[in-house]
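For reference, the structure is listed below as structure tokens.
The values are calculated or read from the model by the stated rules, or taken from the named source; none is laboratory data. Predicted, not measured: the structure shown is a model, and the values here were computed from it. Cβ coordinates were reconstructed from backbone atoms using ideal geometry, including for glycine residues, and neighbour counts include every protein chain displayed.
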Amino acid sequence: MVERSLRQRAKGAALRLPGIEKLVSLTLPRAQVFQVAYAAQAWGSAESGSGVGSELAATENVSAYLPELFRRLEVSRFLDAPCGDWNWMRRVDLAGIDYVGADVVGSVVAGNAQKYARPGVRFIHVDLTKDPLPAVDLIMCRDCWVHLSFSDMAAMLKNFRRTGATWLLVSHTPGHDKNESKATGIGWRHLNLNLSPFGFPPKLESRKDHYPDVPFEIALWRLADLPDIEL
């Protein structure tokens, strides 16, 4: 099940010709790359255009964790960056939370706004590496940096700081032994944020994320404790 899920997440049915995924990632602007990924179901899930990692069964731990974390940290303003197609977040208890979902794919944001926007829940179409973001307490950046170049991650982290947020919740694979550079695009790899070029200090806490045998965590840091990513 897990091996099948990982293969599906890495390659969609419409992008299986050798070199097509890399060609798309290297030749199109960032927003169009991810628009193609959604249109082609490139991350291999019939349930969610955001991929296998956004299926309900893959997100049970994080769905239960978030409301409890909001209460403990006294979070009232929450930025979900990127928000994807909201397949799993729609099940999360957001009572008392001013939620903003941000994504680079305009059609995804428009679809979310049409189906899910309500008082306290809104969606914005932005490039997370550079566009202005709302002032919040906590940012979650789940299943995003694994797709990005180091330079895009560095820019995004700097942009996150501009929100004034105290907390960053981000995907992390602590057992991974080396971080590899790649072009921003459809493909992905594991990242250990304690290692170069990130050098993050020990996480404050984490929860298991994704399907049981996939070694992802969602880990918490104070933004003020994090160094800039040096390239």
Members of the stretch 49-60 found to be assigned to a loop (DSSP other than H, G, I, E, B) and crowded, with 24+ Cβ neighbours inside 10 Å, listed by number: SER50, GLY51, THR59
Can you run down the residue pairs with Cβ atoms below 8 Å, 6 or more apart or on separate chains, where the first is in the stretch 76-105 and crowded, with 22+ Cβ neighbours inside 10 Å and the partner is among the aromatic types (Phe, Trp, Tyr) and at pLDDT below 95? ASP85/TYR38; VAL104/PHE34; VAL105/PHE34; VAL105/TYR38
Residue hits (the stretch 167-181; surrounded by fewer than 16 Cβ atoms within 10 Å (Cβ to Cβ) and either touching a residue at least 12 places away in the same chain (Cβ under 8 Å) or of a type in the set (Ser, Thr, Tyr) (or both)) are GLY175, ASP177, LYS178, SER181
Please pick out the residue among ALA110, ALA102, ALA183 that is among the small types (Gly, Ala, Ser), on the phi < 0 side of the Ramachandran plot and touching a Ser or Thr at 6+ places or on another chain (Cβ under 9 Å). ALA183
Just one of ALA42, ALA37, ALA46 is modelled with pLDDT of 75 or more, assigned to a loop (DSSP other than H, G, I, E, B), of a type in the set (Gly, Ala, Ser) and buried (at least 21 other Cβ atoms within 10 Å of the Cβ); which is it? ALA42
Identify the residue in the stretch 49-62 that is in contact with a helix residue (DSSP H, G or I) (Cβ under 7 Å, 6 or more places away or on another chain) and closer than 26 Å to ASN159 by Cβ and, among all such residues, is modelled with the highest pLDDT. GLY53
Residues of the stretch 107-119 being over 11 Å from ASP85 (Cα atoms) and either part of a strand (DSSP E or B) or under 18 Å from the mean Cα position of the chain (by Cα) (or both), which ones? ARG118
